[in-house]
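S.K.: This is the structure I have questions about; it appears just below.
The values are calculated or read from the model by the stated rules, or taken from the named source; none is laboratory data. Computed from a prediction, not measured in an experiment: that's the story for all the values here. When we count neighbours, we look across all protein chains shown, and the Cβ atoms used for this are built from the backbone with ideal geometry, even at glycine.
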Amino acid sequence: MDAAQATLSAPPSVVCQGERFRLYLDETTLQERIGALGDQISADYRDSESPPIFIGVLNGAFMFTADLMRTLSIDCEVDFYKLSSYGEAKVSSGVVTELKHIDAELQGRHVIVVEDIVDTGLSMRYILDRIEELNPASLKAVTLLRKPAAAKVDVEVDYVGFDIDNLFVIGYGLDYGQLARNLRAIYILDEG
């Protein structure tokens, strides 16, 4: 490994909000899986009459949305939706608050919602229900991480990067009290 690669590699552990987290998914693993998702989505929409629009969910999915879009080999658009269900906590409050509406016209469009993580499913269910009311031509969802054990509502996610245990994760857009989003990899709370 050369000096430039060493500078960019993820450290084995980080401290955030006074707690230690250990490396869970490194940057290479993330980018390889995102590339595979991009290939799958591109293939699914290659013959579509109109380009899909990706709706990234802020703030957490901004990195994933950007990296996913760079892997696509099809035309596409992007817009963002901002919700809050965590605040400063480690677990979802169960109450979804809408902070930014979608600016784009979605009626008759192929819409793909992009989330960083689906755990309880409440935020994703809320978004899908709101967008469905706008009469899109089709509606799908993609998430980088999904926690099946944390699900409180049934929500279909069409494209999943990784299914993970019910772990508290940070990095690559995922935060702990708004910190750690800038980490290149994903870390889990080190309880050992």
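S.K.: From the residues in the range 85-135 that are of a type in the set (A, V, I, L, M, F, W, C), over 25 Å from D67 (Cα atoms) and at pLDDT below 85, which one is surrounded by the most Cβ atoms within 10 Å (Cβ to Cβ)?
M.R.: If we take residues in the range 85-135 being of a type in the set (A, V, I, L, M, F, W, C), over 25 Å from D67 (Cα atoms) and at pLDDT below 85, then V96 is surrounded by the most Cβ atoms within 10 Å (Cβ to Cβ).
S.K.: Right, something else. Which residue, of R46, R20, is farther than 18 Å from I131 by Cβ, modelled with pLDDT of 95 or more, in contact with an Asp or Glu (Cβ under 7 Å, 6 or more places away or on another chain) and surrounded by fewer than 16 Cβ atoms within 10 Å (Cβ to Cβ)?
M.R.: R20
S.K.: Hey, can you tell me all the residues within the range 136-152 that are at pLDDT below 95 and in a loop (DSSP other than H, G, I, E, B)?
M.R.: A151, K152 - these are the residues of the range 136-152 that are at pLDDT below 95 and in a loop (DSSP other than H, G, I, E, B).
S.K.: Could you check, for the range 172-179, whether at least one of its residues is in a loop (DSSP other than H, G, I, E, B), surrounded by fewer than 18 Cβ atoms within 10 Å (Cβ to Cβ) and not hydroxyl-bearing (S, T, Y)?
M.R.: Within the range 172-179 (the criterion being in a loop (DSSP other than H, G, I, E, B), surrounded by fewer than 18 Cβ atoms within 10 Å (Cβ to Cβ) and not hydroxyl-bearing (S, T, Y)), the answer is yes, since at least one residue qualifies.
S.K.: Right, next: Suppose we keep only residues that are within 18 Å of A137 (Cβ to Cβ) and touching a residue at least 40 places away in the same chain (Cβ under 8 Å) within the range 54-80. Which one would you say is surrounded by the fewest Cβ atoms within 10 Å (Cβ to Cβ)?
M.R.: F54
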